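The values are calculated or read from the model by the stated rules, or taken from the named source; none is laboratory data. Because the structure is predicted, anything quoted here is derived from the model rather than measured. Glycine gets a Cβ as well: all are built from the backbone with ideal geometry, and neighbour counts include every protein chain shown. We work out accessible area using only protein heavy atoms, side chains counted, and drop any ligands, DNA or RNA first. Shrake-Rupley method; radii C 1.70, N 1.55, O 1.52, S 1.80 Å.
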Amino acid sequence: MSIWKRIGNLFSKAEPPAVEKSMLQLAPGDICEVSMVTYEVTGRTHNRGRNAVVLTLRDGVHISYLHIEEREQLQYGLYKPIDGRLDNPAEVPATIELDDQTYFLEEEYEGNVTVVGKTPFMNGGDQHVWQYQSDDYRLLRVEWQNGRFMLYEGEKVIPGDVRVIRAS
């Protein structure tokens, strides 16, 4: 290496470090940890209008769903699918009683979602969501898309309990 190249290297800027992915940017194949459990991301449903993502997570044979929404700060909810049935999206109640637990409607919204990987709804499109909370902070989520309902029960997760382990 010539002396001029060495001097030139002294004054050249180093390459900026690669920016790490946030939880909102994870995609199928990435690995994350939620409440000290390691999961593989197998699917992603993204609602651009709300800056929200629902990640389908697999831990061995168990499937969970992590709802992430960026507001003043990132908010997380970890859900498990439950059996249940509703007939008509126009008749979703404001209060739902489930296993001696009463859930109250906190928020109702709809938006266009994009889907990647293995998710409950295999195609993107318009999705309607109802989010409920009980008096003891348990969460219930109802989704309707393409004539199909999905119900989930879960709990809030503090941001310190969620981290990216490996992102592609």
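Structure above, values below:
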| item | result |
| --- | --- |
| All positions within region 119-133 that are surrounded by fewer than 16 Cβ atoms within 10 Å (Cβ to Cβ) and either of a type in the set (S, T, N, Q) or under 14 Å from the mean Cα position of the chain (by Cα) (or both) | Asn123 |
| Any hit, region 63-78, residues being in contact (Cβ under 8 Å) with a residue 40 or more places away in the chain, surrounded by 15 or more Cβ atoms within 10 Å (Cβ to Cβ) and either among the acidic types (Asp, Glu) or at positive phi (or both) | no |
| Failed item in (1) open to solvent by less than 30 Å² (accessible area, probe 1.4 Å); (2) without any contact (Cβ under 8 Å) to a residue 60 or more places away in the chain; (3) of a type outside the set (Lys, Arg); (4) closer than 20 Å to Ala167 by Cα, with Tyr109 passing the rest | (4) |
| Hits in region 116-132 - residues which are under 16 Å from Pro81 (Cβ atoms) and among the aliphatic types (A, V, I, L, M) | Met122, Val129 |
| Residue match in region 98-105 (condition: exposed (fewer than 14 other Cβ atoms within 10 Å of the Cβ) and within 14 Å of Glu143 (Cα to Cα)) | no |
| Failed item, numbered, when Asp83 is tested on (1) modelled with pLDDT under 95; (2) in contact with a Pro (Cβ under 7 Å, 6 or more places away or on another chain) | (2) |
| Residue selected from region 53-80 under the condition at pLDDT 95 or above and of a type in the set (Gly, Ala, Ser), by the criterion nearest to Val116 (Cα to Cα) | Ser64 |
| Residue list for region 129-154, filter: part of a strand (DSSP E or B), farther than 17 Å from Tyr65 by Cα and not hydroxyl-bearing (Ser, Thr, Tyr) | Arg148 |
| Test: Arg85 is exposed (fewer than 14 other Cβ atoms within 10 Å of the Cβ) and over 17 Å from Tyr152 (Cβ atoms) | no |
| Of residues in region 156-168 being out of contact with any Gly (no Cβ under 7 Å at 6 or more places or on another chain) and part of a strand (DSSP E or B), the one farthest from Glu106 (Cα to Cα) | Arg166 |
| Of all residues in region 137-157 being of a type in the set (D, E, K, R), at pLDDT 95 or above and farther than 18 Å from Gly49 by Cβ, the one that is most open to solvent (accessible area, probe 1.4 Å) | Lys156 |
| Residue, farthest from the chain's Cα centre (by Cα), within region 1-44, restricted to residues that are free of Cβ contacts under 8 Å to residues at least 60 places away in the same chain, within 30 Å of Leu57 (Cα to Cα) and exposed (fewer than 15 other Cβ atoms within 10 Å of the Cβ) | Pro17 |
| Test: residue in region 95-106 that is out of contact with any Leu (no Cβ under 6 Å at 6 or more places or on another chain), at positive phi and of a type in the set (Phe, Trp, Tyr) | no |
